[in-house]
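For reference, the structure discussed in these notes is given below.
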Amino acid sequence: MKITHLGAKECVTGSCHLVQTRPGSKEGVNILVDCGMAQGHDPKIPFDQFPVQPQDVDYLFLTHAHIDHIGRVPDLIDAGFKGEIICTHATKALLIPMLHDGMSFSNRSHKEIRRMERAIDDLSWGFELHETFSLKKGITFKLGNAGHILGSCFIRFCFPRLPHTLPPNNSNKRSLTPTYSVIFSGDLGCCDTPILPDPDPPESCDLLILESTYGDRNHTNRKQRIETLKTLLDKALADNGIVYIPAFSLGRTQELIYELDRIKTKVPVFIDSPLGLKITKIYADLESFWDQEAKALKADGDHPLDFKNLYSVEKYRDHKQLMDIKGPAVIIAGSGMCTGGRIVDHLEQGLNDSKNDLFFVGYQAKGTPGRRMMEKKIPVKAAIHTLSGYSAHADQNTLVNWVKSMPKPPGKIILVHGEPHAQKALAQRLGLK
Ligand SMILES: [Zn+2]
């Protein structure tokens, strides 16, 4: 068996891993885990340089619906992939809205986008968590909740060992199980994330492919971050200004709605993001994926993703009207790093007013307008605040504890999805060579 990391090996975007059960043999099974878009300078390997051509990939597993894990799926299908796409039910629900948004920024016509959406829908299947399912050639898989965004999962595969690799019955060599198990962590979430249950503890495995985005640091806890959000908002809105919060449509927007509801925000909150609203509706519809806290709130009559002064701004003309609004108000809009989208219009207009404030609640990549504003390289009159603790990724302690929660330590660990310095720090904590 051979595993090749075709993306996000030593960086955090463009996730793509290939498992070949018998490389070079027609008898083998080829499995891709994720097929994500690389961002910035992260490497993007053309499909014709993959060890296996798209038409020879049997299965594509998607750990979750972030674009850096699914963004190249349309291109993979265009390049000849016709296997099965396997994910959780919630990821299946998020897949087409997320890819529709991604494709609308490409050269594809409306007709081509619709055709591709039908193709993705035909090839993709939602599966239950915690159940074992069979693939061809005796391979099985089981999905566990990763707690990163709605529907995110880690995958445990069991590959039958070839008979000649097993020791004879009376051999006193180390006993080998008849299967070789591999876990792909995908992106692991934090504990106490709003709406989502904590990541499931993993079963043991022979090989663990582990993400390491925050392998070198620990986050502030959720209680602290809600308190900071409340204190900063109260201060920022005291002069009747507007607070702008750039946020990713999938995950962060829903967390903010949830937390603004918990702190009983009195001012109007506008979600000025058609994709963010579509995703929020999917989150609201998939209650079975919520954690106990969110379910209990709903049972008590307090919907965790809705509150009295929360307003949806869907149409472009309503967005234009919102530009004339007077504070106090909170406006949440995409894109999360201010590289485009409706937040740009708001910031162009609002950042020259000292009454207004800009809150960063997410990672701002190098070179993005968000990062330049965060580093005060773009002069503005509004106050800029960076709230820490908003991360959809497990920190170092959570990653280490997750690995330790395995009944037996993994035979081998390979770190992926992290910058080299984060991987080095995590490798040290895990005692890897
Ligand atoms: Zn992710």
Subject >> Distance (nanometres) between label positions extended 7 Å along Cα→Cβ at Ser354 and Asp234 >> reply: 2.4
**OP:** Would you mind getting the Kirkwood hydrodynamic radius of segment 135-292 from its Cα pairs, rounded to one decimal in Å?
**Re:** 19.2
**OP:** Kindly provide log₁₀ I(q)/I(0) values, in the same order as q = 0.17, 0.19, 0.23, 0.24 Å⁻¹, from the Debye equation applied to equal alpha-carbon scatterers of segment 1-107.
**Re:** -0.75, -0.94, -1.34, -1.43
**OP:** Compute the normalised compactness of segment 335-419: alpha-carbon radius of gyration over 2.2 N^0.38 Å, N being the residue count.
**Re:** 1.55
**OP:** Name the residues whose placed amide hydrogens come within less than 5 Å of the amide hydrogen of Thr386, ignoring near sequence neighbours (fewer than 5 apart) on the same chain.
**Re:** Phe360
**OP:** Would you calculate, for the chain, the mean residue ellipticity at 222 nm contributed by helices, counting each DSSP H stretch of 4 or more residues as -39,500 (n - 2.57) and dividing by all residues, to the nearest 500?
**Re:** -8500 deg cm²/dmol
Subject >> Derived scalar couplings ³J(HN,Hα) [segment 132-144; Karplus, 6.51 cos²θ - 1.76 cosθ + 1.60; whole Hz; x for Gly, Pro] >> reply: 8, 10, 9, 10, 6, 6, x, 7, 10, 9, 9, 9, x
Subject >> Residues with amide H under 5 Å from that of Ser124, placed H, sequence gap 5 or more >> reply: Ile85
Original post:
Dipole magnitude of segment 357-433 about its Cα centre, charges +1 at Lys/Arg Cβ and -1 at Asp/Glu Cβ only, in debye to the nearest 20?
Top reply: 280
Original post:
What translational D, rounded to a whole number of µm²/s, comes out for segment 247-344 from Stokes-Einstein when the hydrodynamic radius is the Kirkwood one over Cα pairs, at 10 °C and 1.306 mPa s?
Top reply: 114
Original post:
How much length, in nm to one decimal, is gained on full extension between His89 and Glu227, taken as 0.36 nm per residue of separation minus their Cα-Cα distance?
Top reply: 46.3 nm
**OP:** May I ask you to derive the FRET efficiency for Gln49 and Asp121 from their Cβ-Cβ distance with R0 = 41 Å, giving the value to the nearest 0.05?
**Re:** 0.90
Subject >> Modelled FRET efficiency - R0 22 Å, Lys137 with Lys82, Cβ distances, 0.05 increments >> reply: 0.75
Original post:
Rounded to the nearest whole Å³, what is the per residue volume of the convex hull around the Cα atoms of segment 222-386?
Top reply: 110
Original post:
Using 7 Å Cα-to-Cβ label points, what is the Ala299/Ile325 separation (nm, one decimal)?
Top reply: 3.4
Subject >> Length added when fully stretched, Asp345-Lys266, from 0.36 nm per residue minus Cα-Cα >> reply: 26.0 nm
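Computed from the coordinates by the stated procedures, all read-outs in this text should not be read as laboratory data. All values reported here derive from a predicted model rather than from experimental measurement. Cβ atoms come from the backbone with ideal geometry, glycine included; neighbour counts cover every protein chain shown.
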